[in-house]
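Working notes for the structure below.
Derivation of every value follows stated rules applied to the coordinates shown; laboratory data play no part. The shown structure was predicted, so the numbers you read here are calculated from the model rather than taken from an experiment. Don't worry about glycine lacking a Cβ; one is built from the backbone with ideal geometry, like all the others, and counts go over all protein chains shown.
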Amino acid sequence: MGTVRGEGRVEESSKLLLGILATLLLLLLFSLTLRIGRGVLGLILIGVIILLGVYWFKEVKKALKTYRPRIKYPLELVEDGDLLTLTAQVPGPEEEVSIKISGRKLLIRGGRGFKRVVKLPYPVKILKRSYINGILHLKLIREQQVVNRRREF
């Protein structure tokens, strides 16, 4: 399996961020121990700060591990009069790929949480739809043309 472009930079930056957070936590603890002294309240406050620091350190580390770089999927929209042809790479499987038209917006959903909104030049209806090997092909027609074609028959 190949690596995703930019993955190494994310790893390096996350290690740097975790190092900076650990250093800031240690500096904060050191300064508090100097200011508060040896009282019981000071020890309790230092304990609370240590617990909060460890908690946030773990949360940031977990968030950085689950980070996935955003993959850009290509999309092509060609206008030919009243017809639009859309070709887009959409992650599957086919059962998870769905299309919804709302006014001049086309919502495409796919596998792995993929979601993309495409702004269209005019309201449309779907004439033809196919999904083969991760590529979605749509033939769309201007909505007014559909109404006119129905009246002709």
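Here r is the Cβ-Cβ distance between Ser102 and Ser14 and R0 is 35 Å; the resulting FRET efficiency, rounded to 0.05, is 0.35. A Förster radius of 22 Å combined with the Cβ-Cβ distance from Thr66 to Arg116 puts the calculated FRET efficiency at roughly 0.50.
Each residue, Glu59 and Lys125, gets one label point 7 Å from its Cα in the Cβ direction; the gap between the two is 5.2 nm. Expressed as a fraction of 2.2 N^0.38 Å, the C-alpha radius of gyration for region 75-152 is 1.11.
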